[in-house]
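Below you'll find the structure, written out as structure tokens, and then a few comments.
The values are calculated or read from the model by the stated rules, or taken from the named source; none is laboratory data. These numbers were taken from a predicted model, which means no experiment stands behind them. Ideal geometry is used to build each Cβ from the backbone, glycine not excepted, and the neighbour counts take in all protein chains shown. Surface accessibility is based on the protein's heavy atoms, side chains included, excluding ligands, DNA and RNA. Shrake-Rupley method; radii C 1.70, N 1.55, O 1.52, S 1.80 Å.
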Amino acid sequence: MTLLDETYMKMALELAEEGRGWTSPNPMVGAVIVKDGTVVGKGFHQAAGGPHAEIHALNDAGEKARGATLYVSFEPCNHTGRTPPCTQAILKSGIKRVVAGMKDPNPRVTGGGLAFLKTRGLDVSVGVCEDACHRLNEIFIKYATTSLPFVILKCAATLDCRIATRTGDSKWITNPLSRQFVHELRHAVDAIMVGIGTVLKDNPRLTTRLQGRKGSDPIRIVLDTHLSIPLNARLLHLSSHSDTLIVIGTSAPAEKRRILERPGVRFLPLNDERGKIDLTALVKELGRMGITSLMIEGGSRVNGSVLRVGIVDKVYMFYAPKIYGGDDGVPICAGPGVDLMGQSIRLKDISVHRFEDDVMIEGYLSDQE
């Protein structure tokens, strides 16, 4: 691996990022073709079902690809899915060297594409900017290796950790720049989940609204054991390409369910022996449905519950420079906490971001003993 290899792989990663929000359930992938020190082709995977990054880059390069080096952030596929295998196109193009950022983590195909190219005489290497490639596709990696969605918990609070006042008012804790970033997060995930309390209090749309460009709406999931959602809830009357999924208890009123049933609204009965929604079973079911990522924008009870059962992979915690100044506001989490401070959930790989005066902490949940 050389400094030039890293430079071109970083270029491929920047290209891959342009596909965020559009490639699920596929990974985000970027590709750069270099010949005699000059970039002659570039491409990225633009949408699931469409050509892969390598194909876009090869088409861009044309005959200049012969004898060149292909930098690709993800191992080229060697199997036929919705598109033909990229390895065949690479061979046909006359590419002589392939540098991949990471292997495909899918245990059924990992290493197959690179091994195929190597046996055909190409110079093959892997692992350039590997950590960055893994971080880019953390959602795909978890789903490919566990069949479970990557779960994100997002929360916005005052400095003294209140997400709403005693009257339930929460608009707005953070500034417009922070809220726009949340819409970027919505655009990037397959599904977003709230509890029925949030629906009753805020009547949200849970759609993606990006400034100056189109966004992808996530599937909207509501935890509503007793089917308390109002008939006029905005979630039930949206013009959106994605559905609203209401997770209910098996004893939810059948008549109200019949009234609410319509195109774009689905129901999932799923409760445990205590009559509550089984969150562990829910994420497994979402995985079976092909949902690779889930962002939780819940209230206190939902936040506490998902953390206690251990389904969260990553958090985005926004803190505004405001102090609520009392103990009667709504806390970030509700329900029983730990007995000892040493038992608190710890985060790792922390990064801190500023959105004007707001501060956001991004981190991953450590493996709990």
Legend entry - Cβ crowding within 10 Å averaged over residues, with 152-158, 68-74, 182-188 ranked highest first: 68-74, 152-158, 182-188
Legend entry - Computed [θ] at 222 nm, helices only, for the chain once each DSSP H run of length n ≥ 4 contributes -39500 (n - 2.57): -8000 deg cm²/dmol
Legend entry - Anchor K276: lysines whose Cα lies under 26 Å away (excluding residues fewer than 8 positions away in-chain): K154, K201, K256, K284, K314
Legend entry - the range 171-269, relative contact order in percent, only Cα pairs under 8 angstrom and at least six apart counted: 24
Inset, instruction - With all protein chains present, calculate the accessible area of W22 using a 1.4 Å probe and round the result to the nearest 10 Å². - result: 90
Inset, instruction - With a/c under 1.5 counting as rounded, go ahead and sort the chain into rounded, prolate or oblate using the C-alpha gyration tensor (a ≥ b ≥ c being the square roots of the eigenvalues; past the cut-off, prolate if a/b is larger than b/c, else oblate). - result: prolate
Inset, instruction - Please name which of T207, V352, Y324 has its Cα lying farthest along the dipole of the chain towards the positive end, using unit charges on Cβ (Lys, Arg +1; Asp, Glu -1) and the Cα centre as origin. - result: T207
Legend entry - Vicinal HN-Hα couplings computed from phi for the range 308-315 (Karplus, 6.51 cos²θ - 1.76 cosθ + 1.60; Hz; Gly/Pro x): 5, 7, x, 9, 8, 9, 8, 10
Inset, instruction - Give the carbon-plus-sulfur fraction of the accessible surface of the chain in %, rounded to a whole number; probe 1.4 Å, heavy atoms of protein chains only. - result: 52
Legend entry - Only Lys, Arg (+1) and Asp, Glu (-1) charged, at Cβ; the range 238-369 dipole about Cα centre in debye: 520
Inset, instruction - Post the alpha-carbon centroid distance, the range 269-347 to the range 27-79, in whole angstrom. - result: 40
Inset, instruction - Can you spot the lysines whose alpha carbon is less than 25 Å from K35's alpha carbon? Ignore those fewer than 8 places along the same chain. - result: K10, K64, K92, K96, K103, K118
Legend entry - Accessible surface ranking that places the most exposed of K118, K35 first, with a 1.4 angstrom probe: K118, K35
Legend entry - Hz values of 3J(HN,Hα) by residue in the range 333-342 - Karplus curve (6.51, -1.76, 1.60), Gly and Pro given as x: 10, 10, x, x, x, 7, 7, 10, 4, x
Inset, instruction - Kindly rank 327-334, 274-281 from highest to lowest mean number of other beta carbons found within 10 Å of each residue. - result: 327-334, 274-281
Legend entry - Surface per residue (accessible, 1.4 Å probe) for the chain, Å²: 49
